[in-house]
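J.: What follows is a structure written as structure tokens; I'll ask about it next.
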Amino acid sequence: MIKRICIYCASSAQVHQKYFIATSEIADILAENKIEVVFGGGAQGLMGCLADRIVERGGRIIGVMPHFMREVEWDHKQLNEVHFVDDMHSRKKKFLEDVDALLALPGGCGTLEELLEAITLKRLGQFTKPIIIFNLDGYYDPLLSMLDRCIAEKFMSEKHRHIWSVIDKPAQLIGAIANAPAWDSAAIHTAVLK
Ligand code: AMP
């Protein structure tokens, strides 16, 4: 069983209720399995929902937030730990330190950017842990089609399909992490199609 997961999640509070329900279910599974969570530290939207529920269920959750967000009081006040960093780049780097897996919940440009950076780092062998995409009700279908197209048109190789795993139900999370294809830093040697 893994010890720590990083979760990319959205700041919007206006998304459909189904996203909040699924986020709470993910939080329940993580608290139950004593898996520590690292996330953006926000109190709003799916971030706030995740943190509230983890705290409620007695789990452990760590926020990583740039100082400028704290100044406008976006930080969740009940986290076990909060790390304030200089900027968004340092935050993304910190997200990936000492985590055993990464999960992208449905989200906006911030979530997409974080997810695509992690996929790129894994392609280059700089990050090697499972990356799970939560494709609730097909939310990520357009992104997955784009990645398919990258592969079909040889911007990426078939091997790169192993970088990410896709789930559509919270209950699939633990299995998807356990069954994620092995990956290591040697990926740098096959990162480019020559
Ligand atoms: P999005 O999916 O576009 O809402 O972006 C989520 C990401 O945006 C988070 O991981 C943060 O990097 C950043 N972000 C945007 N708003 C907030 C907020 N209110 N509190 C914390 N992080 C935020």
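J.: Where the second residue is more than 12 Å from the ligand (Cβ to nearest atom) and not in a loop (DSSP other than H, G, I, E, B) and the first is free of Cβ contacts under 8 Å to residues at least 40 places away in the same chain and under 19 Å from Tyr19 (Cβ atoms) and lies in region 99-128, which pairs have Cβ atoms under 8 Å and are six or more apart or on separate chains?
T.: Pairs found: Leu112/Leu143.
J.: Hey, among the residues in region 55-77 that are within 16 Å of the chain's Cα centre (by Cα) and among the hydrophobic types (A, V, I, L, M, F, W, C), which one's nearest to the ligand (Cβ to nearest atom)?
T.: Ranking the candidates gives Met65 first.
J.: In addition: Can you name the residue in region 148-176 that is part of a helix (DSSP H, G or I) and in contact with a Lys or Arg (Cβ under 8 Å, 6 or more places away or on another chain) and is also farthest from Tyr8 (Cα to Cα) among such residues?
T.: Here the answer is Ile151.
Residue-by-condition table, conditions (1) charged (D, E, K, R); (2) surrounded by 18 or more Cβ atoms within 10 Å (Cβ to Cβ); (3) within 11 Å of the ligand (Cβ to nearest atom):
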{"position": "Gly45", "(1), (2), (3)": "no, yes, yes"}
{"position": "Asp86", "(1), (2), (3)": "yes, no, no"}
{"position": "Lys92", "(1), (2), (3)": "yes, yes, yes"}
{"position": "Asp100", "(1), (2), (3)": "yes, no, no"}
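J.: Only one of Val72, Val37, Val15 is more than 28 Å from Asp137 (Cβ to Cβ) and either of a type in the set (A, V, I, L, M, F, W, C) or without any contact (Cβ under 8 Å) to a residue 24 or more places away in the chain (or both); which? Break it down stepwise before answering.
T.: Values: Val37 fails: more than 28 Å from Asp137 (Cβ to Cβ); Val15 fails: more than 28 Å from Asp137 (Cβ to Cβ).
Just a single option satisfies the conditions, and that option is Val72.
J.: Tell me whether region 26-41 contains one or more residues that are under 16 Å from Thr111 (Cα atoms), within 13 Å of the ligand (Cβ to nearest atom), out of contact with any helix residue (DSSP H, G or I) (no Cβ under 7 Å at 6 or more places or on another chain) and outside any loop (DSSP other than H, G, I, E, B).
T.: no
Every number in this text was worked out from the coordinates using simple rules, so none of it is lab data. These figures come from a predicted structure and were not determined experimentally. Here Cβ is always computed from backbone atoms with ideal geometry, including for glycine, and neighbour counts include all displayed protein chains.
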